[in-house]
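The structure under discussion appears below in the form of C-alpha coordinates.
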Amino acid sequence: MHDNRVLILDFGSQFTQLIARRVREAGVYSEIHPCNVDPERVKAFKPSALILSGGPSSVLEAGAPELNRDYLEMGIPVLGICYGMQLLAHNLGGKVAASTDREYGRAKFTAQNDCVLFDGIKEKDDLTVWMSHGDRVEALPEGFLPMGKTDSIEFGAMGNPDKKIYALQFHPEVAHTDNGSAIIQNFLFKVAGLTATWSMASFVDTTIEDLKKQVGDAKVVLGLSGGIDSTVAAVMLHKAIGKNLHCIFVDNGLLRMGEREEVIGFLEEHFDLNVKCVDAAAEFLADLKGVEDPEKKRKLIGYKFIEVFDREAKAIEGVRFLGQGTLYPDVIESESFKGPSAVIKSHHNVGGLPETMNLKLVEPLRELFKDEVRRAAYELGLPEHIIWRQPFPGPGLSIRIIGEVNEERLSILRLADKIVQNEMMAADWYRKVWQGFAVLLPLKTVGVMGDDRTYENVIALRIVDSLDAMTADWSRLPSELLARMSNRIINEVKGVNRVVLDISSKPPSTIEWE
Ligand code: XMP
(Lines give C-alpha, C1' and ligand atoms only; values in the text may rest on other atoms or scores of the structure.)
Protein backbone atom coordinates (compact mmCIF):
# COMPACT_ATOMS: atom_id res chain seq x y z
CA MET A 1 0.00 0.00 0.00
CA HIS A 2 1.27 3.49 0.78
CA ASP A 3 4.60 3.73 2.57
CA ASN A 4 4.67 7.47 3.25
CA ARG A 5 1.43 8.24 5.01
CA VAL A 6 0.27 11.34 6.79
CA LEU A 7 -2.52 11.24 9.31
CA ILE A 8 -4.55 14.41 9.66
CA LEU A 9 -6.59 14.66 12.82
CA ASP A 10 -9.69 16.78 12.27
CA PHE A 11 -10.64 19.10 15.10
CA GLY A 12 -13.52 20.60 13.13
CA SER A 13 -11.90 23.22 10.92
CA GLN A 14 -13.60 24.09 7.66
CA PHE A 15 -10.15 23.88 6.05
CA THR A 16 -9.25 20.32 7.07
CA GLN A 17 -9.90 18.89 3.62
CA LEU A 18 -7.55 21.45 2.16
CA ILE A 19 -4.72 20.16 4.33
CA ALA A 20 -5.22 16.69 2.89
CA ARG A 21 -5.21 18.07 -0.61
CA ARG A 22 -1.99 20.04 -0.12
CA VAL A 23 -0.29 16.94 1.24
CA ARG A 24 -1.44 14.79 -1.65
CA GLU A 25 -0.50 17.46 -4.16
CA ALA A 26 3.00 17.17 -2.73
CA GLY A 27 2.95 13.48 -3.67
CA VAL A 28 2.36 12.12 -0.16
CA TYR A 29 -0.67 10.04 0.73
CA SER A 30 -2.84 11.46 3.51
CA GLU A 31 -6.05 10.62 5.29
CA ILE A 32 -8.28 12.66 7.56
CA HIS A 33 -9.66 11.07 10.68
CA PRO A 34 -11.85 12.66 13.35
CA CYS A 35 -9.90 13.77 16.42
CA ASN A 36 -11.74 11.22 18.54
CA VAL A 37 -10.90 8.33 16.20
CA ASP A 38 -10.32 4.97 17.84
CA PRO A 39 -6.56 4.86 18.66
CA GLU A 40 -6.43 1.33 17.26
CA ARG A 41 -7.27 2.74 13.85
CA VAL A 42 -4.46 5.23 14.17
CA LYS A 43 -2.05 2.43 15.01
CA ALA A 44 -3.27 0.37 12.10
CA PHE A 45 -2.83 3.31 9.75
CA LYS A 46 0.89 3.49 10.67
CA PRO A 47 1.32 7.19 9.98
CA SER A 48 4.75 8.54 9.15
CA ALA A 49 3.74 12.03 10.27
CA LEU A 50 0.82 13.68 12.01
CA ILE A 51 -0.96 16.96 11.30
CA LEU A 52 -3.40 18.47 13.77
CA SER A 53 -6.03 20.62 12.07
CA GLY A 54 -7.56 23.86 13.24
CA GLY A 55 -10.96 23.97 14.87
CA PRO A 56 -13.54 26.37 16.25
CA SER A 57 -13.12 25.47 19.94
CA SER A 58 -10.96 26.89 22.71
CA VAL A 59 -8.64 24.47 24.51
CA LEU A 60 -9.56 26.33 27.69
CA GLU A 61 -13.24 25.43 27.50
CA ALA A 62 -14.60 22.39 29.25
CA GLY A 63 -15.54 19.75 26.70
CA ALA A 64 -13.22 21.09 23.99
CA PRO A 65 -11.85 18.34 21.75
CA GLU A 66 -8.70 16.90 23.20
CA LEU A 67 -5.51 15.48 21.83
CA ASN A 68 -4.74 11.91 22.78
CA ARG A 69 -1.22 12.35 24.17
CA ASP A 70 -0.26 8.85 23.10
CA TYR A 71 -0.05 10.23 19.58
CA LEU A 72 2.81 12.46 20.67
CA GLU A 73 4.61 9.41 22.01
CA MET A 74 4.61 7.66 18.65
CA GLY A 75 7.88 9.40 17.85
CA ILE A 76 6.65 10.73 14.52
CA PRO A 77 6.92 14.36 13.36
CA VAL A 78 3.92 16.54 14.20
CA LEU A 79 2.60 19.76 12.69
CA GLY A 80 -0.12 21.64 14.58
CA ILE A 81 -2.17 24.22 12.73
CA CYS A 82 -4.12 26.94 14.58
CA TYR A 83 -6.19 25.02 17.18
CA GLY A 84 -3.62 22.26 16.65
CA MET A 85 -0.90 24.66 17.82
CA GLN A 86 -2.88 25.61 20.90
CA LEU A 87 -3.46 21.95 21.68
CA LEU A 88 0.27 21.25 21.48
CA ALA A 89 1.10 24.22 23.73
CA HIS A 90 -1.62 23.25 26.18
CA ASN A 91 -0.59 19.59 26.34
CA LEU A 92 3.16 20.10 26.48
CA GLY A 93 3.28 22.63 29.30
CA GLY A 94 2.97 25.97 27.49
CA LYS A 95 0.31 28.58 28.14
CA VAL A 96 -2.70 29.43 26.03
CA ALA A 97 -4.53 32.70 26.69
CA ALA A 98 -8.19 33.22 26.03
CA SER A 99 -9.21 35.97 23.74
CA THR A 100 -12.49 37.81 23.49
CA ASP A 101 -12.28 38.53 19.80
CA ARG A 102 -11.14 36.48 16.87
CA GLU A 103 -8.30 37.58 14.61
CA TYR A 104 -9.55 36.88 11.14
CA GLY A 105 -7.94 37.62 7.80
CA ARG A 106 -4.52 38.46 6.43
CA ALA A 107 -1.53 39.19 8.64
CA LYS A 108 2.15 39.87 8.05
CA PHE A 109 4.41 37.18 9.45
CA THR A 110 8.16 37.18 10.11
CA ALA A 111 9.92 33.84 10.44
CA GLN A 112 12.47 33.38 13.23
CA ASN A 113 15.29 31.10 14.31
CA ASP A 114 15.96 29.83 10.80
CA CYS A 115 12.90 27.67 11.06
CA VAL A 116 13.09 24.83 8.57
CA LEU A 117 9.43 25.26 7.65
CA PHE A 118 10.33 28.49 5.85
CA ASP A 119 13.44 27.21 4.08
CA GLY A 120 13.76 28.49 0.56
CA ILE A 121 10.91 30.99 0.93
CA LYS A 122 12.23 34.38 -0.15
CA GLU A 123 9.49 36.40 1.54
CA LYS A 124 9.90 34.69 4.92
CA ASP A 125 10.60 37.99 6.68
CA ASP A 126 7.43 39.50 5.34
CA LEU A 127 5.04 36.71 4.57
CA THR A 128 1.32 37.23 4.01
CA VAL A 129 -0.53 34.61 6.03
CA TRP A 130 -4.18 33.85 6.77
CA MET A 131 -5.29 33.90 10.38
CA SER A 132 -8.52 32.71 11.92
CA HIS A 133 -8.14 32.25 15.65
CA GLY A 134 -9.41 33.40 19.02
CA ASP A 135 -6.96 32.10 21.61
CA ARG A 136 -3.23 32.50 21.31
CA VAL A 137 -0.13 30.85 22.75
CA GLU A 138 1.42 33.06 25.44
CA ALA A 139 4.25 30.88 26.74
CA LEU A 140 6.03 28.14 24.84
CA PRO A 141 6.37 24.61 26.18
CA GLU A 142 9.83 23.55 27.28
CA GLY A 143 12.16 22.69 24.42
CA PHE A 144 10.28 24.89 21.95
CA LEU A 145 11.64 27.94 20.13
CA PRO A 146 9.62 30.82 18.72
CA MET A 147 9.60 30.29 14.97
CA GLY A 148 7.78 33.40 13.82
CA LYS A 149 5.66 36.37 14.88
CA THR A 150 3.18 38.91 13.57
CA ASP A 151 2.34 42.44 14.70
CA SER A 152 -0.42 41.13 16.90
CA ILE A 153 1.00 37.87 18.25
CA GLU A 154 4.37 37.02 19.69
CA PHE A 155 4.20 33.32 18.91
CA GLY A 156 2.91 32.97 15.37
CA ALA A 157 4.83 29.70 15.05
CA MET A 158 6.81 27.45 17.35
CA GLY A 159 8.96 24.39 17.00
CA ASN A 160 10.97 21.77 18.81
CA PRO A 161 13.54 20.63 16.23
CA ASP A 162 14.79 17.73 18.40
CA LYS A 163 11.33 16.23 18.70
CA LYS A 164 10.33 17.33 15.20
CA ILE A 165 7.18 18.99 16.52
CA TYR A 166 6.18 22.25 14.83
CA ALA A 167 3.13 24.46 14.96
CA LEU A 168 1.68 27.41 13.08
CA GLN A 169 -0.94 29.82 14.31
CA PHE A 170 -1.93 30.66 10.72
CA HIS A 171 -3.39 28.40 8.04
CA PRO A 172 -0.77 27.32 5.47
CA GLU A 173 -3.38 25.21 3.65
CA VAL A 174 -5.48 28.12 2.35
CA ALA A 175 -4.70 29.94 -0.86
CA HIS A 176 -4.55 33.30 0.93
CA THR A 177 -1.34 32.27 2.70
CA ASP A 178 1.62 32.97 0.43
CA ASN A 179 3.87 29.96 -0.09
CA GLY A 180 1.54 27.85 2.06
CA SER A 181 2.22 24.75 -0.02
CA ALA A 182 5.98 25.28 0.32
CA ILE A 183 5.60 25.47 4.11
CA ILE A 184 3.66 22.20 4.18
CA GLN A 185 6.20 20.60 1.85
CA ASN A 186 9.05 21.68 4.10
CA PHE A 187 7.29 19.87 6.92
CA LEU A 188 6.77 16.75 4.83
CA PHE A 189 10.17 16.53 3.21
CA LYS A 190 12.61 18.39 5.45
CA VAL A 191 11.16 17.74 8.89
CA ALA A 192 9.54 14.37 8.38
CA GLY A 193 11.93 13.18 5.67
CA LEU A 194 9.13 11.72 3.55
CA THR A 195 9.42 11.06 -0.16
CA ALA A 196 6.86 11.83 -2.81
CA THR A 197 5.60 8.40 -3.78
CA TRP A 198 1.88 9.07 -4.20
CA SER A 199 0.83 9.58 -7.78
CA MET A 200 -2.37 8.95 -9.60
CA ALA A 201 -0.75 6.26 -11.74
CA SER A 202 0.39 4.37 -8.66
CA PHE A 203 -3.00 4.89 -7.02
CA VAL A 204 -4.81 3.44 -10.01
CA ASP A 205 -2.49 0.41 -10.16
CA THR A 206 -2.63 -0.38 -6.44
CA THR A 207 -6.39 0.14 -6.31
CA ILE A 208 -6.93 -2.29 -9.16
CA GLU A 209 -4.75 -4.86 -7.39
CA ASP A 210 -6.66 -4.28 -4.13
CA LEU A 211 -9.99 -4.67 -5.90
CA LYS A 212 -8.90 -8.01 -7.32
CA LYS A 213 -8.12 -9.21 -3.82
CA GLN A 214 -11.27 -7.77 -2.25
CA VAL A 215 -13.70 -9.15 -4.81
CA GLY A 216 -11.96 -12.35 -5.90
CA ASP A 217 -14.12 -14.16 -8.41
CA ALA A 218 -17.42 -12.80 -7.07
CA LYS A 219 -19.79 -10.69 -9.14
CA VAL A 220 -20.24 -6.94 -8.63
CA VAL A 221 -23.23 -4.89 -9.69
CA LEU A 222 -22.85 -1.14 -10.24
CA GLY A 223 -25.27 1.62 -11.19
CA LEU A 224 -23.78 3.60 -14.03
CA SER A 225 -25.18 7.11 -14.18
CA GLY A 226 -23.06 8.56 -16.95
CA GLY A 227 -21.30 10.87 -14.50
CA ILE A 228 -17.57 10.80 -14.04
CA ASP A 229 -17.61 9.12 -10.62
CA SER A 230 -19.57 6.02 -11.48
CA THR A 231 -17.80 5.81 -14.84
CA VAL A 232 -14.32 5.82 -13.30
CA ALA A 233 -15.41 3.37 -10.60
CA ALA A 234 -16.78 1.07 -13.31
CA VAL A 235 -13.67 1.22 -15.48
CA MET A 236 -11.42 0.46 -12.51
CA LEU A 237 -13.56 -2.46 -11.44
CA HIS A 238 -13.67 -3.69 -14.99
CA LYS A 239 -9.88 -3.65 -15.16
CA ALA A 240 -9.80 -5.65 -11.94
CA ILE A 241 -12.52 -8.24 -12.51
CA GLY A 242 -13.56 -7.96 -16.16
CA LYS A 243 -16.89 -9.48 -17.06
CA ASN A 244 -17.76 -10.17 -13.45
CA LEU A 245 -18.67 -6.51 -13.25
CA HIS A 246 -22.28 -5.98 -14.23
CA CYS A 247 -23.19 -2.34 -14.85
CA ILE A 248 -26.79 -1.22 -14.87
CA PHE A 249 -27.73 2.01 -16.57
CA VAL A 250 -31.25 3.08 -15.70
CA ASP A 251 -32.72 5.34 -18.34
CA ASN A 252 -35.29 7.20 -16.26
CA GLY A 253 -36.50 9.28 -19.18
CA LEU A 254 -35.12 12.39 -17.48
CA LEU A 255 -31.74 12.42 -19.21
CA ARG A 256 -30.21 15.03 -21.46
CA MET A 257 -30.31 14.63 -25.20
CA GLY A 258 -27.77 12.06 -26.36
CA GLU A 259 -26.64 11.22 -22.82
CA ARG A 260 -27.19 7.50 -23.07
CA GLU A 261 -25.38 7.12 -26.39
CA GLU A 262 -22.49 9.43 -25.55
CA VAL A 263 -21.49 7.73 -22.35
CA ILE A 264 -22.72 4.20 -22.42
CA GLY A 265 -22.10 3.64 -26.11
CA PHE A 266 -18.55 4.77 -25.64
CA LEU A 267 -17.92 2.57 -22.61
CA GLU A 268 -19.29 -0.50 -24.31
CA GLU A 269 -17.33 0.09 -27.45
CA HIS A 270 -13.94 1.13 -26.10
CA PHE A 271 -13.78 -0.58 -22.74
CA ASP A 272 -15.87 -3.62 -23.47
CA LEU A 273 -17.87 -2.95 -20.35
CA ASN A 274 -20.74 -5.21 -19.47
CA VAL A 275 -23.65 -2.72 -19.41
CA LYS A 276 -27.34 -3.39 -19.25
CA CYS A 277 -29.46 -0.38 -20.26
CA VAL A 278 -32.85 -0.49 -18.67
CA ASP A 279 -35.47 1.60 -20.34
CA ALA A 280 -37.62 2.62 -17.40
CA ALA A 281 -38.76 6.02 -18.70
CA ALA A 282 -42.43 5.05 -18.79
CA GLU A 283 -42.37 3.88 -15.17
CA PHE A 284 -40.74 7.07 -13.93
CA LEU A 285 -43.00 9.35 -15.94
CA ALA A 286 -46.08 7.52 -14.74
CA ASP A 287 -45.04 8.14 -11.13
CA LEU A 288 -44.31 11.79 -11.83
CA LYS A 289 -47.65 12.48 -13.47
CA GLY A 290 -49.34 15.47 -11.84
CA VAL A 291 -46.55 15.93 -9.28
CA GLU A 292 -45.32 19.51 -8.84
CA ASP A 293 -43.70 19.54 -5.43
CA PRO A 294 -39.86 19.42 -5.78
CA GLU A 295 -39.23 17.22 -2.76
CA LYS A 296 -41.93 14.82 -3.81
CA LYS A 297 -40.38 14.56 -7.27
CA ARG A 298 -36.97 13.80 -5.80
CA LYS A 299 -38.36 11.16 -3.45
CA LEU A 300 -40.43 9.44 -6.10
CA ILE A 301 -37.45 9.28 -8.41
CA GLY A 302 -35.20 7.99 -5.63
CA TYR A 303 -37.63 5.21 -4.69
CA LYS A 304 -38.25 4.25 -8.27
CA PHE A 305 -34.55 4.08 -8.97
CA ILE A 306 -34.01 1.71 -6.07
CA GLU A 307 -36.92 -0.43 -7.18
CA VAL A 308 -35.71 -0.71 -10.79
CA PHE A 309 -32.08 -1.20 -9.84
CA ASP A 310 -32.91 -3.81 -7.24
CA ARG A 311 -35.07 -5.71 -9.69
CA GLU A 312 -32.36 -5.70 -12.35
CA ALA A 313 -29.60 -6.59 -9.91
CA LYS A 314 -31.56 -9.56 -8.58
CA ALA A 315 -31.91 -10.84 -12.11
CA ILE A 316 -28.15 -11.36 -12.21
CA GLU A 317 -27.22 -14.53 -10.47
CA GLY A 318 -24.61 -14.69 -7.75
CA VAL A 319 -23.97 -10.98 -7.14
CA ARG A 320 -22.17 -10.40 -3.85
CA PHE A 321 -20.94 -6.79 -4.10
CA LEU A 322 -22.41 -3.40 -4.87
CA GLY A 323 -19.93 -1.04 -6.55
CA GLN A 324 -20.28 2.65 -5.84
CA GLY A 325 -18.44 5.80 -6.87
CA THR A 326 -18.37 7.25 -3.35
CA LEU A 327 -15.77 10.02 -3.01
CA TYR A 328 -13.57 10.98 -0.11
CA PRO A 329 -15.53 14.10 0.92
CA ASP A 330 -18.59 11.88 1.48
CA VAL A 331 -16.51 9.45 3.50
CA ILE A 332 -15.12 12.21 5.67
CA GLU A 333 -18.52 13.77 6.07
CA SER A 334 -20.09 10.59 7.27
CA GLU A 335 -17.33 10.13 9.87
CA SER A 336 -16.57 13.76 10.54
CA PHE A 337 -15.96 15.27 13.92
CA LYS A 338 -18.65 17.74 14.93
CA GLY A 339 -17.60 21.18 13.83
CA PRO A 340 -18.12 23.49 10.88
CA SER A 341 -16.61 21.05 8.43
CA ALA A 342 -19.34 18.59 9.31
CA VAL A 343 -22.33 20.84 9.02
CA ILE A 344 -23.03 21.07 5.33
CA LYS A 345 -24.14 17.90 3.59
CA SER A 346 -23.51 18.31 -0.05
CA HIS A 347 -25.75 15.87 -1.74
CA HIS A 348 -28.54 13.51 -1.82
CA ASN A 349 -27.40 10.78 -4.10
CA VAL A 350 -29.56 7.77 -4.01
CA GLY A 351 -28.73 6.26 -0.67
CA GLY A 352 -30.32 3.27 0.88
CA LEU A 353 -29.22 0.78 -1.73
CA PRO A 354 -26.80 -1.23 0.39
CA GLU A 355 -29.28 -1.73 3.22
CA THR A 356 -32.06 -2.99 1.02
CA MET A 357 -29.87 -5.19 -1.11
CA ASN A 358 -27.80 -6.98 1.46
CA LEU A 359 -24.62 -6.67 -0.59
CA LYS A 360 -21.11 -5.78 0.47
CA LEU A 361 -19.87 -2.42 -0.73
CA VAL A 362 -16.90 -1.92 -2.97
CA GLU A 363 -15.89 1.72 -3.42
CA PRO A 364 -12.75 2.22 -5.54
CA LEU A 365 -12.83 6.03 -5.23
CA ARG A 366 -13.41 6.40 -1.54
CA GLU A 367 -9.94 7.91 -1.07
CA LEU A 368 -10.22 10.52 -3.84
CA PHE A 369 -11.30 14.11 -4.17
CA LYS A 370 -13.32 15.15 -7.22
CA ASP A 371 -10.44 16.61 -9.19
CA GLU A 372 -8.38 13.52 -8.38
CA VAL A 373 -11.11 11.41 -9.97
CA ARG A 374 -10.60 13.39 -13.15
CA ARG A 375 -6.87 12.65 -12.97
CA ALA A 376 -7.63 8.98 -12.44
CA ALA A 377 -9.87 9.13 -15.51
CA TYR A 378 -6.93 10.42 -17.56
CA GLU A 379 -4.75 7.59 -16.27
CA LEU A 380 -7.41 5.09 -17.28
CA GLY A 381 -7.53 6.53 -20.78
CA LEU A 382 -11.04 7.97 -20.66
CA PRO A 383 -11.73 10.64 -23.28
CA GLU A 384 -12.08 14.35 -22.56
CA HIS A 385 -15.81 14.42 -23.22
CA ILE A 386 -16.36 12.07 -20.32
CA ILE A 387 -13.69 13.53 -18.04
CA TRP A 388 -15.01 17.06 -18.37
CA ARG A 389 -18.71 16.31 -18.26
CA GLN A 390 -20.43 18.79 -16.03
CA PRO A 391 -22.18 17.37 -12.97
CA PHE A 392 -25.72 16.24 -13.64
CA PRO A 393 -28.15 15.56 -10.79
CA GLY A 394 -29.63 12.12 -10.15
CA PRO A 395 -33.24 13.35 -10.57
CA GLY A 396 -32.16 14.69 -13.97
CA LEU A 397 -34.21 17.15 -15.94
CA SER A 398 -37.17 16.72 -13.61
CA ILE A 399 -35.73 19.29 -11.19
CA ARG A 400 -35.15 21.69 -14.07
CA ILE A 401 -38.76 21.56 -15.14
CA ILE A 402 -40.60 23.66 -12.63
CA GLY A 403 -44.05 22.20 -12.21
CA GLU A 404 -45.27 19.03 -13.83
CA VAL A 405 -42.88 16.82 -15.77
CA ASN A 406 -44.23 15.29 -18.95
CA GLU A 407 -42.95 14.23 -22.36
CA GLU A 408 -43.84 17.50 -24.04
CA ARG A 409 -42.08 19.65 -21.50
CA LEU A 410 -39.11 17.28 -21.42
CA SER A 411 -38.61 17.60 -25.15
CA ILE A 412 -38.74 21.41 -24.97
CA LEU A 413 -36.14 21.44 -22.22
CA ARG A 414 -33.93 18.83 -23.87
CA LEU A 415 -33.57 20.84 -27.02
CA ALA A 416 -33.00 24.15 -25.21
CA ASP A 417 -30.43 22.44 -22.99
CA LYS A 418 -28.63 20.94 -25.98
CA ILE A 419 -28.30 24.40 -27.50
CA VAL A 420 -26.82 25.73 -24.26
CA GLN A 421 -24.31 22.86 -24.19
CA ASN A 422 -23.36 23.23 -27.84
CA GLU A 423 -22.88 26.97 -27.69
CA MET A 424 -20.85 26.76 -24.48
CA MET A 425 -18.57 24.20 -26.12
CA ALA A 426 -18.27 26.08 -29.38
CA ALA A 427 -17.24 29.23 -27.51
CA ASP A 428 -14.75 27.30 -25.36
CA TRP A 429 -16.67 28.09 -22.20
CA TYR A 430 -17.93 24.62 -21.31
CA ARG A 431 -14.91 23.72 -19.18
CA LYS A 432 -14.54 27.18 -17.67
CA VAL A 433 -17.82 27.01 -15.80
CA TRP A 434 -18.98 24.54 -13.17
CA GLN A 435 -22.35 23.90 -14.74
CA GLY A 436 -24.49 25.49 -17.42
CA PHE A 437 -28.01 24.42 -18.26
CA ALA A 438 -31.52 25.48 -19.16
CA VAL A 439 -34.55 25.51 -16.87
CA LEU A 440 -38.16 25.41 -18.07
CA LEU A 441 -40.44 27.72 -16.14
CA PRO A 442 -44.09 27.06 -15.36
CA LEU A 443 -45.38 30.20 -16.99
CA LYS A 444 -46.14 31.58 -20.40
CA THR A 445 -45.56 35.07 -21.63
CA VAL A 446 -46.63 37.06 -24.66
CA GLY A 447 -44.37 37.48 -27.65
CA VAL A 448 -44.58 38.34 -31.30
CA MET A 449 -43.56 36.18 -34.22
CA GLY A 450 -43.96 37.71 -37.69
CA ASP A 451 -47.31 39.43 -37.45
CA ASP A 452 -48.69 37.05 -34.88
CA ARG A 453 -48.99 37.31 -31.16
CA THR A 454 -47.54 34.27 -29.35
CA TYR A 455 -48.13 33.01 -25.85
CA GLU A 456 -45.37 30.57 -25.03
CA ASN A 457 -42.90 29.18 -22.47
CA VAL A 458 -39.94 30.85 -20.78
CA ILE A 459 -36.49 29.27 -20.52
CA ALA A 460 -34.07 30.41 -17.84
CA LEU A 461 -30.32 29.99 -18.27
CA ARG A 462 -28.48 28.85 -15.15
CA ILE A 463 -24.71 28.99 -15.64
CA VAL A 464 -22.46 29.11 -12.61
CA ASP A 465 -18.85 29.13 -11.47
CA SER A 466 -18.00 27.05 -8.44
CA LEU A 467 -15.19 25.06 -6.88
CA ASP A 468 -17.19 22.47 -4.99
CA ALA A 469 -20.90 23.28 -5.48
CA MET A 470 -21.12 24.43 -1.86
CA THR A 471 -21.02 28.03 -3.01
CA ALA A 472 -21.45 29.35 -6.52
CA ASP A 473 -21.75 32.54 -8.48
CA TRP A 474 -23.33 33.20 -11.86
CA SER A 475 -20.77 33.09 -14.64
CA ARG A 476 -19.97 36.35 -16.36
CA LEU A 477 -20.33 35.09 -19.92
CA PRO A 478 -19.69 37.31 -22.93
CA SER A 479 -22.92 38.95 -24.01
CA GLU A 480 -22.45 37.69 -27.60
CA LEU A 481 -22.51 34.12 -26.31
CA LEU A 482 -25.66 34.77 -24.29
CA ALA A 483 -27.23 36.40 -27.31
CA ARG A 484 -26.45 33.37 -29.49
CA MET A 485 -27.96 30.98 -26.97
CA SER A 486 -31.08 33.10 -26.61
CA ASN A 487 -31.57 33.54 -30.38
CA ARG A 488 -31.09 29.90 -31.12
CA ILE A 489 -33.41 28.73 -28.35
CA ILE A 490 -36.20 31.07 -29.41
CA ASN A 491 -35.78 30.23 -33.09
CA GLU A 492 -35.23 26.51 -32.81
CA VAL A 493 -37.26 25.34 -29.85
CA LYS A 494 -40.89 25.25 -30.66
CA GLY A 495 -42.97 26.50 -27.74
CA VAL A 496 -40.43 28.99 -26.34
CA ASN A 497 -40.61 32.74 -26.97
CA ARG A 498 -38.50 34.15 -24.14
CA VAL A 499 -35.11 33.45 -22.49
CA VAL A 500 -34.02 34.93 -19.17
CA LEU A 501 -30.71 34.77 -17.28
CA ASP A 502 -30.45 33.69 -13.65
CA ILE A 503 -28.04 36.05 -11.89
CA SER A 504 -28.27 34.73 -8.35
CA SER A 505 -25.43 33.36 -6.28
CA LYS A 506 -25.42 30.37 -3.93
CA PRO A 507 -26.17 31.01 -1.13
CA PRO A 508 -28.89 32.18 -0.85
CA SER A 509 -30.04 30.54 -4.09
CA THR A 510 -29.10 26.99 -5.02
CA ILE A 511 -27.60 25.89 -8.32
CA GLU A 512 -30.59 23.79 -9.33
CA TRP A 513 -33.99 25.45 -9.26
CA GLU A 514 -35.64 22.67 -7.31
P1 XMP B 1 -27.68 22.73 -5.42
O2 XMP B 1 -28.87 22.85 -6.30
O3 XMP B 1 -27.99 22.11 -4.09
O4 XMP B 1 -26.71 21.71 -6.16
O5 XMP B 1 -26.94 24.03 -5.27
C6 XMP B 1 -25.36 21.50 -5.86
C7 XMP B 1 -24.79 20.49 -6.85
O8 XMP B 1 -25.38 19.22 -6.67
C9 XMP B 1 -26.06 18.80 -7.84
N10 XMP B 1 -27.29 18.15 -7.40
C11 XMP B 1 -27.45 16.82 -7.31
N12 XMP B 1 -26.61 15.81 -7.62
N13 XMP B 1 -28.27 14.26 -6.98
C14 XMP B 1 -27.05 14.53 -7.48
O15 XMP B 1 -26.31 13.61 -7.80
C16 XMP B 1 -29.16 15.21 -6.64
O17 XMP B 1 -30.27 14.95 -6.20
C18 XMP B 1 -28.73 16.57 -6.83
N19 XMP B 1 -29.33 17.78 -6.62
C20 XMP B 1 -28.41 18.73 -6.98
C21 XMP B 1 -26.29 20.06 -8.63
O22 XMP B 1 -26.40 19.80 -10.02
C23 XMP B 1 -25.06 20.85 -8.29
O24 XMP B 1 -23.93 20.42 -9.03
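The values are calculated or read from the model by the stated rules, or taken from the named source; none is laboratory data. If you're wondering where the values come from, they're calculated on a predicted model, not measured in any experiment. Note that we place each Cβ from the backbone using ideal geometry, even for glycine, and neighbour counts take in every protein chain shown. Each accessible area value is taken on the protein alone, full model and side chains, heavy atoms only, with ligands, DNA and RNA left out. Shrake-Rupley method; radii C 1.70, N 1.55, O 1.52, S 1.80 Å.
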Carbon plus sulfur, as percent of the 1.4 Å-probe accessible area of the chain, comes to 50
For Lys46, list the lysines whose Cα falls under 28 Å from its own Cα; do not include residues on the same chain fewer than 8 positions away.
Lys163, Lys164, Lys190, Lys212, Lys213, Lys338, Lys360, Lys370
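What per residue convex hull volume, in Å³, do the alpha-carbon atoms of the stretch 400-501 yield?
On the way: hull volume 10.6 nm³, N = 102.
Cα-based convex hull of the stretch 400-501, divided per residue, equals 104 Å³.
Kirkwood Rh over alpha-carbon pairs of the stretch 200-387, then Stokes-Einstein at 25 °C and 0.890 mPa s: what D in µm² s⁻¹, rounded to an integer? Each step should come with its number before you reach the end.
Details: Rh = 17.4 Å.
Using the Kirkwood radius from Cα pairs, D works out to 141 µm²/s.
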Per the Cauchy relation, a quarter of the hull surface: what is the mean projected area of the convex hull of the alpha carbons in the stretch 110-229, in nm²?
12.1
Kindly provide the pair-distance distribution of the chain built from C-alpha pairs, with 10 Å bins from 0 and whole-percent values in order of increasing distance.
4, 17, 24, 22, 18, 12, 4, 1, 0
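State which stretch of the chain is the longest one without any exposed chymotrypsin sites (Phe, Trp or Tyr not before Pro), exposure meaning a DSSP loop state and at most 16 other Cβ atoms within 10 Å.
Working: sites that count: Trp388, Trp429.
Counting at most 16 other Cβ atoms within 10 Å as exposed, the longest clean stretch of the chain is 1-387.
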For Ala175 and Lys506, what is the calculated FRET efficiency with R₀ set at 22 Å and r taken between the beta-carbons, to the nearest 0.05?
0.65
If ligands, DNA and RNA are left out, what is the accessible area of Thr110 with a 1.4 Å probe, given in Å² to the nearest 10?
50
What share of all Cα pairs of the stretch 415-454, in percent, falls into each consecutive 5 Å distance bin?
6, 19, 18, 15, 14, 15, 10, 3, 0
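Assuming 0.36 nm per residue, please report the length gained on full extension of the stretch Met74 to Glu103 beyond their Cα-Cα distance. Mind showing how you got there, number by number?
Working: separation 29, 0.36 × 29 = 10.44 nm, distance 3.28 nm.
Extra length from Met74 to Glu103 when fully extended: 7.2 nm.
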Could you pull out every one of the lysines with an alpha carbon less than 16 Å from that of Lys276, ignoring same-chain neighbours closer than 8 positions?
Lys219, Lys243, Lys314
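Would you work out the relative contact order for the chain, in percent, from Cα pairs under 8 angstrom that are 6 or more residues apart? Walk me through the intermediate numbers first.
On the way: 994 pairs, mean separation 59.1, N = 514.
Relative contact order for the chain comes out at 12 percent.
What accessible area per residue comes out for the stretch 1-144, rounded to a whole number of Å², with a 1.4 Å probe? Let's see the in-between values first.
Working: 6210 Å² over 144 residues.
Per-residue accessible area for the stretch 1-144 comes out at 43 Å².
Quick check on the stretch 53-115: what does the Kirkwood estimate of hydrodynamic radius come out to from the alpha carbon pairs, in Å?
Values: mean 1/r = 0.0740 Å⁻¹.
13.5 Å is the Kirkwood radius here.
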Quote the charge dipole size of the chain about the Cα centre in Debye, to the nearest 20; the model charges only the Cβ of Lys and Arg (+1) and of Asp and Glu (-1).
200
